[in-house]
Amino acid sequence: MSTMLEVRNCSKAFGGVVANHDISIEVREGEIVGLIGPNGSGKTTLFNSIVGYHPIDGGSIRFLDKEISSLRVPNIARLGLLRTFQQTRIYGKMTCMQNMAASLPYRGEGFAGMFRRFDSGVADRAEELLEFVGLYSKRNLRGGDLSFGQQKLLEFAMALMNEPKLLLLDEPTAGINPTLINGLIDRLKRANEQLGITLLVIEHNMRVIMNLAERIYCLAHGELLAEGLPEAIQNDQRVIDAYLGAH
Amino acid sequence: MSQTARIQKPRFNAQTWIILAGIAIIGSVAPFVEPTLVGQMTVFWIMVLLSYTWDTMGGQMGYNSFGNVVFFGIGMYVTAAIQVGLYTDLGTYTAAKGGIKLTLTLGQYFTGLAIGLVAAGLAGFLAALLIGSGILGLRGHYFAIGSLALGIFVAELASGWELIGAGSGLVPPLYPGVESARSLWLYFGCFALAGITFLVLQWVYSRRFGLALNAIRDDEDKAEAMGLHTTRYKTIAWAISGIFLGVCGGLAGNFFQFIDPRDTAFSGATYGVWMVLMVVLGGKGTFWGPLIGALLFHVFKELFWSYLLGLQYIALGLLVVVIVVFFPEGIVGWFRERFPHWFGERVDPPPEATAADPVREPAE
């Protein structure tokens, strides 16, 4: 498996607060990789650095053998590296179908492309993906009228509509009814297997991440604490200490 | 159903075309039925133009612009300057401060006007492109303030520029024919332009472009994160409204027959604010909202000016307060909140039985 995303010695500080220090991670094509760590350990900062939300202080981020640490958010997204937000973000005043159609990939879109009509198959694809996440019957409702959990699912469907190569998910199960979480894990695995989307997932729910991820990175205090297979991470004394607050 | 119809309710269905045909017939007959009101009706179509072009930015894209009046004013000046400049020296003409009367043949007049209007559209387009790429990096309130300052800045610039008459203004050439013919073709010019503008804008909104603008309105950060070329979309949206505002300004300048830099061309306190109020009254980002808003606003305004002269601005201010308090989403928006199914928002049963789907969430 070839390396898809390679973060080398990445650092980011906000004033005196060092959010990420010398972090190196790697995601290979086709993998599901987990990123865990206590609150404030720098997971979301790392995500933001990868997707170009803010410049990094040092290190390098390569996606598909291309240095992306100096690119801006939309350019990186057009390369096929997409993220979802911890605080779910959808287009509130548009219907679910419009949300989906607005999420078509913008890769290589020229001036004429802006005024194109919707290609045949766009509505089919949108309905298919809404069905996939279980929102088909709500497809003509406004995004803002959905519950928080449904909005998370819609955001996930929108991400799939964009046909990313690598999808960064920031706490996909937060705020989702526990009985639905199994269904969501199943959806994530199917997106990975059937659609060939590589996943990097931030997650606090240990049961979810242990079921989902093939490899896990653990951050604490802005530094990479441990990396390995789920079982190894689960039994790593340093990880347990970080979560339980031992010093 | 076609793919597009499944994504969003079609903008033009049979019912829409019937209403539009009705408006077209009423609009074509009205000046002959009530010839004394032709001037009023011309102003009405100018208002409709201002309202729909403002809605592109303010309604569809959620960028409240107080600077659209700039393109309107640029159109006025460009058209008049070309109308004059084609047949005499513009500098001498303006230096005489109305002392020189330009006598043209009908052919010369309309040639000048046609070239002037095309140039006005182009000037509006280019100005919006240029200014847009400069200030469309600002968002929300910052953009609103920036665009407001822009209007004031351009007004000051125009009132200091001798070539276009500076503070004394610019007078477009007099129409060589009879006055009643002049008011009729100006009416039909504004009416036709309003129709074309409406159709072009709705066509643009029905494409990918429209959804991209709505996405920027709802969450610009999300749109960026999805890979949308936000700056490009924003600038082009402004440039499209700039074209129609420019041409509209060209016609309006000839209608008013006098262009004052602060009171007609770059009048932020009148047209600049009215275009915002009309759209807010009718419903931002809706199909009929800007038209309904323009109609109601124009009628109220004329009534205030006719029957409450001296108190007209107080009455207008009260109207604004009533609009904002009782119809924060505008009239069409008010209906949309109460009758969402009229706008195609509804829950549909699934196509086949998939009730066992674990991800399908129960109604909350």
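The values are calculated or read from the model by the stated rules, or taken from the named source; none is laboratory data. All of these numbers come straight from a predicted model, not from anything done at the bench. All Cβ positions, even for glycine, are placed from backbone atoms using ideal geometry, and neighbour counts span all protein chains on display. These area figures cover heavy atoms from the full protein model, side chains too; ligands, DNA and RNA do not enter into them. Shrake-Rupley method; radii C 1.70, N 1.55, O 1.52, S 1.80 Å.
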Restricting to the stretch B:197-223, what's the tally of residues that are surrounded by fewer than 18 Cβ atoms within 10 Å (Cβ to Cβ), within 7 Å of another protein chain (Cβ to nearest Cβ) and hydrophobic (A, V, I, L, M, F, W, C)? 0
Cβ-Cβ distance below 9 Å, separation of 6 or more or different chains: which pairs start in the stretch A:50-66 with a residue that is open to solvent by 30 Å² or more (accessible area, probe 1.4 Å) and end on one that is assigned to a loop (DSSP other than H, G, I, E, B) and among the aliphatic types (A, V, I, L, M)? A:Arg62/A:Ile68; A:Leu64/A:Leu79; A:Lys66/A:Leu79
Can you tell me which residues in the stretch B:78-102 are of a type in the set (A, V, I, L, M, F, W, C) and free of Cβ contacts under 8 Å to residues at least 24 places away in the same chain? B:Ala96, B:Ile100
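Quick check on A:Arg117: is it within 7 Å of chain B (Cβ to nearest Cβ), touching a residue at least 60 places away in the same chain (Cβ under 8 Å), surrounded by fewer than 21 Cβ atoms within 10 Å (Cβ to Cβ) and closer than 26 Å to B:His341 by Cα? Write out each step before concluding.
On the way: within 7 Å of chain B (Cβ to nearest Cβ): yes; touching a residue at least 60 places away in the same chain (Cβ under 8 Å): no; surrounded by fewer than 21 Cβ atoms within 10 Å (Cβ to Cβ): yes; closer than 26 Å to B:His341 by Cα: yes.
So A:Arg117 does not fit the description; no.
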Condition check: aliphatic (A, V, I, L, M), open to solvent by 10 Å² or more (accessible area, probe 1.4 Å) and either more than 19 Å from B:Tyr52 (Cβ to Cβ) or at pLDDT 95 or above (or both). Does B:Leu228 satisfy that? no
Criterion: open to solvent by 30 Å² or more (accessible area, probe 1.4 Å) and outside any loop (DSSP other than H, G, I, E, B) - qualifying residue of B:Ile25, B:Ile46: B:Ile25
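So that you can scan it fast, the table gives a plain yes or no per residue for (1) among the hydroxyl-bearing types (Ser, Thr, Tyr); (2) out of contact with any Gly (no Cβ under 7 Å at 6 or more places or on another chain):
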site	(1), (2)
A:Ser2	yes, yes
A:Cys10	no, no
A:Gly37	no, yes
A:Ile56	no, yes
A:Phe63	no, yes
A:Ile68	no, no
Which one of the conditions (1) under 30 Å from A:Ala77 (Cβ atoms); (2) within 14 Å of chain A (Cβ to nearest Cβ) does B:Gly283 fail to meet, given that it meets all the rest? (1)
Of all residues making up the stretch A:126-170, the number that are open to solvent by less than 20 Å² (accessible area, probe 1.4 Å) and within 16 Å of A:Arg83 (Cβ to Cβ): 16
Residues in the stretch B:121-149 that are in a loop (DSSP other than H, G, I, E, B) and in contact (Cβ under 8 Å) with a residue 60 or more places away in the chain: how many? 3
Here's a check for you: in the stretch A:73-101, which residue that is over 17 Å from the mean Cα position of the chain (by Cα) and in a loop (DSSP other than H, G, I, E, B) is nearest to the other protein chains (Cβ to nearest Cβ)? A:Tyr91
Hey, does the stretch B:103-120 have a residue that's touching a residue at least 12 places away in the same chain (Cβ under 8 Å), touching a Cys at 6+ places or on another chain (Cβ under 9 Å) and more than 26 Å from B:Lys284 (Cβ to Cβ)? yes
The listed residue being in a helix (DSSP H, G or I) and either touching an Asp or Glu at 6+ places or on another chain (Cβ under 6 Å) or surrounded by 15 or more Cβ atoms within 10 Å (Cβ to Cβ) (or both), out of A:Ile216, A:Ile176, A:Ile181: A:Ile181
Subset of the stretch B:262-297 [of a type in the set (S, T, N, Q) and open to solvent by 10 Å² or more (accessible area, probe 1.4 Å)]: B:Thr264, B:Thr270, B:Thr286
When (1) closer than 20 Å to B:Gln257 by Cα; (2) open to solvent by less than 30 Å² (accessible area, probe 1.4 Å); (3) out of contact with any helix residue (DSSP H, G or I) (no Cβ under 7 Å at 6 or more places or on another chain) are applied to B:Gly112, the one that fails is (3)
For residues in the stretch A:136-167 being more than 8 Å from chain B (Cβ to nearest Cβ) and not in a helix (DSSP H, G or I), which is farthest from A:Leu104 (Cα to Cα)? A:Leu146
Can A:Val33 be described as within 9 Å of another protein chain (Cβ to nearest Cβ) and more than 30 Å from B:Arg336 (Cα to Cα)? no
Within the stretch B:180-196, how many residues turn out to be modelled with pLDDT of 95 or more and either surrounded by fewer than 20 Cβ atoms within 10 Å (Cβ to Cβ) or within 27 Å of A:Gly144 (Cβ to Cβ) (or both)? 4
Hey, does the stretch A:193-208 have a residue that's surrounded by 18 or more Cβ atoms within 10 Å (Cβ to Cβ), within 14 Å of chain B (Cβ to nearest Cβ) and under 23 Å from A:Ala102 (Cβ atoms)? no
